[in-house]
Structures are given as structure tokens and as C-alpha cells.
There are 2 protein chains.
Amino acid sequence: MALTVVGSIAFDSVRTPFGERERMLGGSAVHFALAASFFTEVRVVGPVGDDFTEEHLSVLSERGIDTGDIEHVAGGQTFFWRGHYDHDMNVAHTDETQLNVFADFQPKLSPESCEAQMLFLGNIQPDLQRDVRRQSSASFAALDSMNLWIETTRESLVAAIREVECLLLNDAELRMLTEQPNLVHAARASMELGPEVVVAKRGEYGAALFTADGSFAIPGLPLEDVRDPTGAGDSFAGGFLGYLDAVRIGGSHDQRALRQAMAYGSVMASFNVEDFGTERVSELTEAEIAERLAAFKRLTHFEETPIAR
Amino acid sequence: MALTVVGSIAFDSVRTPFGERERMLGGSAVHFALAASFFTEVRVVGPVGDDFTEEHLSVLSERGIDTGDIEHVAGGQTFFWRGHYDHDMNVAHTDETQLNVFADFQPKLSPESCEAQMLFLGNIQPDLQRDVRRQSSASFAALDSMNLWIETTRESLVAAIREVECLLLNDAELRMLTEQPNLVHAARASMELGPEVVVAKRGEYGAALFTADGSFAIPGLPLEDVRDPTGAGDSFAGGFLGYLDAVRIGGSHDQRALRQAMAYGSVMASFNVEDFGTERVSELTEAEIAERLAAFKRLTHFEETPIAR
């Protein structure tokens, strides 16, 4: 079992109604890898600059994540994002983006990263995602993206989606990509492009899964403390794909594994938002994960009692 | 078992991306009563005008609903609403409202309606809701409202909420009412006003339930055909309270019944939106309801498998 992730490794400066942090470790590959590391072996591919220190690397390596394919660009600076959230924490406002070493990033996967059976293409420029997909021999590849790429590089994004088994997008992005206002139709249109598994992420409302065999939906856990939603979607993807890799998912017909993976994805996302950046997930225990899975089960369980009239 | 509902009886003219209808039967009391009629005895209280005919009345009476407390105001016109939905069907746009006979409505409950063990106060002016609550001897009363009353008659609405056991609101309205951006805090603040059961309606995303004993959440069923969401919240309330009345809910501690009721509410709302006005729910069968309850169970079911590493 091994899972390779390509995506951003970043410093994030974030302000929410509940506090702020300067230049904390973040990025899609980092959030994903930390969440997935509780389930399987993870290898991170991505560029960093001189400002990325041993201390930052140790956040990953202490969780057993393989950092051998993190490329140190001498003289460069790490990708930087500054943003804030107002009271509607479903909406991120970007204040500043510095691509830095990401501007000239040419992914080069080591043989070990190429051979991982599962691949996650985090939200980066779709041509880079295609480049990585071609290097990889993964039997199951998943892709995340965002409205920016749908608007500016649609053709390239669609080409990238054609080459993966699983697509993860926000529900609004799925509708935008397919130009279908109805989510069921949007999911079906997405599957027609190639992916056999489509996940619609819905922020605090949870997530929905679509395959040819059926659909599944899980609500978000009502949380008392939501301090920083940055990275929640990547933590979801980490729990989801990490679990699927651990049980060696064979394809979209394994509904039992896919549903369980959706629950673990939701668990990891729920932890992610409870504190800033990686602060909560990097300190998690397996016991806390099991406890929260049980909380999701309690949250959603009902019996099927006939009408009692 | 009996359930009294007070609310609007209306003619609705609705346009959505999937069609339009002129002056179809609608209103909170009508949508609620039709949904609840599959579970328990229902009595409707509300005013209508000369334009409300035997044919309209028969939509209710054919479902066994008691219409004895529907007040015919001679020379008056029935409440009228005209609205439309664009591609985001979660947002209703009001184009015209004619209060008509509702402008001078003074609810007068018959002894039978007063004695029903359960009462639903549909979304009308909160002073009218308080008036009805005082006439009723129901042991369990539930109240729905909307942003208009939160903004224009907050004190009166809060007084009405203090007098009921259950509050149903959209999640955004719960946040607005309590001025708490976090839904868990908003639900708790609502319970501190009086209700022991709080339901947050979330449109296509489903609904969440809060009591002192715990919370429950159910996602919306992904539907291929959503033609008209008007009345979905009232159909939800009808399935929810209809089931609770049928099983003689004793209070907020009966989590099993409350969860089951949330599922039945979701079932009835999912049918409501599949066609215009009352067209789908008025023609439903118990077999279709049972089948859809099973579909919700399949949609949300997952096992609780430990991490397999």
C-alpha cells in the first residue's frame, strides 16, 4: 500500500473571526498527506524554497510521511497564500498569492512515487496534473481542482479529468464544470468524462458520493469550534483516499469501502477545521479518530420503522 | 392522535426553470396537512375567500384531513403569492404577495382543534401564532417562521418561541434569530428560549436536529428532478410532526422517534419538490413513502470499520 500526492506545499497566513496565524505550514499536499498518514504510507511530491526548514519537514516526517520527493529549490521561496474568512466560514477570501517556486515547478516522481498504487493530484494547474498522471503507474488516481482552473484552463482540466478514476470537487464547482444546475446530472456528466467515482464536497454540509452503482451522502458533524476551514477539503481527500488505499480498493463497485472512506474523510475534515492550519490533525491520535467515527455514526443513524398509523 | 395546523391556505403562481403554474393550491397549512395526513389525523385552521372552491377543499378532504376549521370569509379573496426560482433553487424570489383574507384573520379554534395533542404553528405573523398557542391545549407545539418576522417583529416572535416545545427554522434563520454564526451555538441559544427540540432546515442539504440529549443530521436525497421547491419546508414539518404524533412522542428524550421523524420529514420534502405545488404529495401512496424511506437509509448507511492499517 502506498499513496503518492502531488500538490502545493505552502505557507499560509490566515485570519478568521476566531484568531489569526502568520506563515503557518499548509498547502493541499501537506493537509492531504497528514490526514492520509493515519491510514497508509504517503509520499509527498512538490517544491519548496529556502524558507522551508527542517522544522517544517519534521511535521511530515514525524507522521511517517516520505518526504524524499520534496524538491528543494535553492534560492527560491515557498508558495505563499494569505486569506481571511468572515462569519460565513464557507467562503475563503484570498488577499495575496505568491507562486514563488511553484511558478517553474516541473514534477519529477522518483520510481517509488511512480509505483504507488494510488495517486492524488491536489489542486494545481491541470497541465501539471496530467504530467504527473503520465509518470505514475497508479491503478487509482484522484483529482481535485477549483473554479479558477474551470474558468481559465477548462480544456486542459477536462483532459486531466479524463485520465483519472476519481474526481473530487465542491458541489458548486461540479455544477460549473458540467454546466448542469442539478447535482445528480452534474455528477453523471462528470462520470461521462471518465472518472468512475465522483465526490461532491459541500463544506459544513458534508459530502456526497456518486458511482454507477449508487449514491451516498454524509452530513457534516455539527461542530462547536470551527476556527479555520483552510485545508478541510484536502484533509477530507486524505482520509478518503488513505482509507481506500489501506483496504486496496478495487474500483467503484466496492460500495462498502467507498462509504467507509467517505466517513473517514469527513472525520479528518472535521478535525482539520477545529484549529488553525495543521495544528489539530498533526497532533491527532488513532483513538480520537475512532471516537469521532463513532460520533458520525451516532449523528446519522436512524431505524427504518414503518408508518405506525 | 390528532394534529392541528394553523397557517396560510394560498394560491401560488410559481415559475421555475422547469415550468410554471398559475394559482395552484398552496400555503404552509396545505403543504403541512397533506404530508402529515399519511401519518395521523390532521385538522386545518385558516381563512379562505370566495375563490376557494369545493374542488380545492377536496384536495384536503380526499386525504382525510378535517377542514371544519377552514373559515370561509364571504366577499374575500384567498391569500395569494407569486414567486420564481432561478437556477439556484434554494432561493425563492417573491414577485407579489396579496394578504387578502389573511389581513384580518383572527384564528378561532373549534373545541376539537384545541384538544389535539399536537399543534403546528405555520409561518404566519407571530402574534397570531401566540393567540393560537393560548387557545390550544396541545402538549407538544411546534413553530416555523421566517426572516421577515425576525427582522420586523423580533420581540413578538421570541415571545411565541418561548411558548412552544419545538422550533423549526432554516439554518440561516436560526443564526439570524440568535445572532450566533455557529449552528451548534445558535441551536443551544434557541433552546434556552424554551423549545426542547430545534430543527435546522437546510434545503437540498437536508436537516439537523438538536436536543439537550444529542444531535442528528440527515442529508438531502440527491434528486434528478427538482421542479418546484415551494412548500418543501412545510412538507418536511408535516412528515416530522405527523410521525411524532402517530407514535405519541413524550418529549425530547425520545431520540429514536425524533430521528425516525426526521427521516420521514425528509422523505415528504423530497416528494414535495419533485413536482409543482401539491401535485406530487397529494397523489402519493404509502408504498412510495416506504420505498423512499429505504432509499434514505441506503443513502446514509455506512459501517464502522476500524482503521485497517
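The values are calculated or read from the model by the stated rules, or taken from the named source; none is laboratory data. Worth saying up front: this structure is predicted, and the values here are computed from it rather than measured. Cβ: placed from backbone, ideal geometry, glycine included. Neighbour counts: every protein chain shown. To get the accessible areas, we keep the full protein, side chains included, count just its heavy atoms, and leave off ligands, DNA and RNA. Shrake-Rupley method; radii C 1.70, N 1.55, O 1.52, S 1.80 Å.
Side notes on the structure shown:
- Springs join every pair of Cα atoms under 10 Å in this Gaussian network model of chain B, and among B:Leu299, B:Leu25, B:Leu128 the largest mean-square fluctuation is at B:Leu299.
- Relative to the current alpha-carbon distance between B:Glu55 and B:Glu115, full extension at 0.36 nm per residue lengthens the span by 18.8 nm.
- As an equivalent ellipsoid, the range B:61-203 spans semi-axes of 26, 22, 14 angstrom, where each value is the square root of five times an eigenvalue of the C-alpha gyration tensor, largest first.
- Label spacing, shortest first and in nm, from B:Glu62 to its equivalents in the remaining copies (7 angstrom along Cα→Cβ): 6.9
- Inter-part distance where the range B:155-188 and the range B:32-88 are each reduced to a Cα centre, Å: 27
- Ratio Rg/Rh, restricted to the range B:21-89 and using Cα atoms, in which Rh is the Kirkwood radius: 1.01
- Positive-end residue, the protein assembly as shown charge dipole about Cα centroid, Cβ charges, pick of A:Ser139, B:Val226, A:Thr230: A:Ser139
- Solvent-accessible area of the protein assembly as shown (1.4 angstrom probe, protein heavy atoms only): carbon and sulfur portion equals 47 percent.
- Label-point spacing at B:Glu286 relative to the other copies reads 4.9 nm, in ascending order, each point sitting 7 Å out from Cα along Cα→Cβ.
- Shape of the range B:203-250 from the C-alpha gyration tensor: oblate (a/c of 1.5 or more and a/b not above b/c, with a ≥ b ≥ c the square roots of its eigenvalues).
- For the protein assembly as shown, the per residue solvent-accessible surface stands at 38 Å², with DNA, RNA and ligands left out and a 1.4 Å probe.
- Top positive-direction residue, dipole computed over the range B:1-121 with Cβ charges, set B:Val48, B:Gln117, B:Thr16: B:Gln117
- Expressed to the nearest 5 percent, the antiparallel share of DSSP beta bridges inside the protein assembly as shown is 40 percent.
- Each residue of the range A:214-227 was assigned a 3J(HN,Hα) from its phi angle through the Karplus curve 6.51 cos²θ - 1.76 cosθ + 1.60 (θ = phi - 60°); the sequence is x, 10, 9, 9, 9, x, x, 6, x, 10, 6, 10, 10, 9 Hz, with glycine and proline shown as x.
- Restricted to Cα atoms, the range B:1-147 shows a radius of gyration and a Dmax of 15.1, 46 angstrom.
- Three-way shape label, the range A:1-46, alpha-carbon gyration tensor, a/c 1.5: prolate
- Of all chain A residues, the one whose C-beta is nearest the axis that brings A onto B, in angstrom: A:Tyr205, 2
- When Rg and Dmax are taken over the Cα atoms of the range B:111-269, they come to 14.7, 44 Å.
- In the A-B interface, the accessible area buried, summed over both sides, Å² (probe 1.4 Å): 4900
- Comparing A:Glu62, A:Glu173, A:Glu41 in a Gaussian network model of chain A, where Cα atoms under 10 Å apart are tied by springs, the biggest mean-square fluctuation is seen for A:Glu62.
- B:Pro17 label point (Cα plus 7 Å toward Cβ) to equivalent points in the other copies: 3.1 nm, shortest first.
- Computed [θ] at 222 nm, helices only, for the protein assembly as shown once each DSSP H run of length n ≥ 4 contributes -39500 (n - 2.57): -11000 deg cm²/dmol
- Placing +1 on the Cβ of every Lys and Arg and -1 on the Cβ of every Asp and Glu, with no other charges, gives the range B:69-139 a dipole of roughly 240 debye about its Cα centre.
- Only Lys, Arg (+1) and Asp, Glu (-1) charged, at Cβ; the protein assembly as shown dipole about Cα centre in debye: 820
- In terms of its Cα atoms, the range A:68-145 spans 43, 33, 21 Å along the principal axes, sorted from long to short.
- Value of Rg to Rh for chain A (Rh from inverse mean 1/r over Cα pairs, i.e. Kirkwood): 0.95
- For chain B, a crude dipole built from +1 on the beta carbon of Lys and Arg and -1 on the beta carbon of Asp and Glu, taken about the Cα centre, is about 960 debye to the nearest 20.
- Kirkwood Rh, Cα atoms: Rg over Rh of the protein assembly as shown: 1.02
- Hydrodynamic radius (Kirkwood) for the range B:187-274, which is based on Cα pairs only, to one decimal in Å: 13.2
- Backbone phi angles across the range A:199-211, fed through the Karplus curve with coefficients 6.51, -1.76 and 1.60 (θ = phi - 60°), yield HN-Hα couplings of 10, 9, 8, 10, x, 5, 8, x, 7, 10, 10, 10, 9 Hz in residue order; Gly and Pro are listed as x.
- 20 Å cut-off, amide nitrogen to a point 7 angstrom out along B:Glu71 Cα→Cβ, residues in the range B:115-143: B:115-116, B:119-138
- Candidates B:Ala287, B:Ser266, B:Leu177 compared by Cα position along the dipole of the range B:176-287: farthest toward the positive end lies B:Leu177, with charges placed on Cβ.
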